[in-house]
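Novice: Quick one: structure below, then a few questions.
Every number in this text was worked out from the coordinates using simple rules, so none of it is lab data. Everything numeric in this text was worked out from a predicted model, so none of it was measured. So basically every Cβ, Gly included, is an ideal-geometry build from the backbone, and we count neighbours across all protein chains shown.
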Amino acid sequence: MWLKDVDLESQSVKLIPLSVTHSAALVEAATDGELWKLWFTPVPSAKNIEKYVSEALEQKSKGLALPFVVVDKSTGKIIGSTRFCNADSTNQRVEIGYTWYSKSYQRSSCNTECKLLLLTHAFESLEAIAVEFRTSWHNQASKAAIARLGAKQDGILRNHQKLQNGGYRDTVVFSIINFEWLPVKENLEFKLTTYS
């Protein structure tokens, strides 16, 4: 398998492979901000946590994903989740997605640290040639955050996914390619020096 279990650690966060035992802590983390109410991104709630975790682990068993929980090192609490997904080992491409953090950790160094950990692993350990990010056209905060990482917009997939309400999601696709990695890495490391 191209994607193998690994713990990734930075100054204040740790990424640990997701397991069923993390279910209750993920629901608690999502309660901070009632994140399951966001209609444009999947965040678990007490009602759907079993399905959320089982689907993530099923994708992992097929070699298509590597889901993580995000842990605040200072408290030991789970504060969110992220994953490698849509992995294509033949073409050495992978997406970083399904990312969410408790509301009290949004607009902190958390996302920058997590993305630096994941991108470093993707480009320097997995030797990926491209890392994708995808988000809903309507998720303005996510689009801005992805652009701030240094990713470039590839395009928009119109009517890309069916929504539970019967509508369709337009998906914006961004990517960072291996030749761009070093300046992106330098930029992310610099951003982390600006957090107090």
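Novice: Within the chain, which is the longest segment that contains none of the GluC sites (Glu not before Pro) sitting in a DSSP loop with at most 14 other Cβ atoms within 10 Å?
Specialist: 35-126
Novice: Using amide H atoms built in the peptide plane, which far-off residues or other-chain residues are under 5 Å from residue 70 H to H?
Specialist: Hits under the 5 Å cutoff: 79, 80, 81, 82.
Novice: Could I have the simple spin-label model distance between residue 195 and residue 62, label points 7 Å from Cα toward Cβ, reported in nm to one decimal?
Specialist: Once both label points are built, they end up 3.3 nm from each other.
Novice: Helix-only estimate, please: 222 nm mean residue ellipticity of the chain, summing -39500 (n - 2.57) across DSSP H runs of length 4 or more and dividing by its residues, to the nearest 500.
Specialist: After summing the helix terms and dividing by the residues of the chain, the value is -8500 deg cm²/dmol.
Novice: Moving on to the next point. Exposed loop trypsin sites (Lys or Arg not before Pro) only (DSSP loop, at most 13 other Cβ atoms within 10 Å): please give the longest stretch of the chain free of them, not including the sites.
Specialist: That gives 108-196 as the longest site-free run.
Novice: Then there is this: I'd like the FRET efficiency for residue 24 and residue 164, computed as 1/(1 + (r/R0)^6) with the beta carbon distance as r and R0 of 30 Å, rounded to 0.05.
Specialist: The calculated FRET efficiency here is 0.80.
Novice: Right, another one. Would you work out if the range 8-129 is rounded, prolate or oblate? Take a ≥ b ≥ c from the square roots of the eigenvalues of the alpha-carbon gyration tensor; rounded if a/c is under 1.5, else prolate when a/b is larger than b/c, oblate otherwise.
Specialist: oblate
Novice: What number comes out for the charge environment of residue 134, summing +1 per Lys or Arg and -1 per Asp or Glu over other residues with Cβ under 15 Å away?
Specialist: Once all neighbours under 15 Å are counted, the net charge is +2.
Novice: With θ set to phi - 60° and the Karplus curve 6.51 cos²θ - 1.76 cosθ + 1.60, what are the ³J(HN,Hα) couplings of the range 164-180 in order, to the nearest whole Hz, using x for Gly and Pro?
Specialist: 4, 7, x, x, 10, 9, 8, 10, 8, 10, 10, 8, 10, 9, 4, 5, 8
Novice: Which Cα, out of 17, 104, 74, lies furthest along the positive dipole direction of the range 8-129 (beta carbon charges, K/R +1, D/E -1)?
Specialist: Positive-end residue among those listed: 104.
Novice: Using 0.36 nm per residue, how much length does the chain from residue 120 to residue 31 gain when fully extended, once their Cα-Cα distance is taken away?
Specialist: 29.0 nm
Novice: Please arrange 160, 22 by how many other C-beta atoms lie within 10 Å of their C-beta, fewest to most.
Specialist: In increasing order of surrounding Cβ atoms, one gets 160, 22.
Novice: In addition: Which loop chymotrypsin sites (Phe, Trp or Tyr not before Pro) in the range 139-196, with loop taken from DSSP, have no more than 13 other Cβ atoms within 10 angstrom of their Cβ? Walk me through the numbers before you get to the answer.
Specialist: Values: sites: 168, 174, 179, 181, 190, 195; in loops: 195.
Loop-located and lightly packed - 195.
Novice: With +1 on each Lys and Arg Cβ and -1 on each Asp and Glu Cβ, and nothing else charged, work out how big the dipole of the chain is about its Cα centre, in Debye to the nearest 20.
Specialist: 520
Novice: Let me ask something additional. Output the pairs from 4/73; 73/162; 62/191 with a Cα-Cα distance over 30 Å in this structure; if there are none, say none.
Specialist: 73/162; 62/191
Novice: Lys and Arg at +1, Asp and Glu at -1: add these up for the other residues within a Cβ distance under 12 Å of residue 83 and post the number.
Specialist: Here the count lands on -1.
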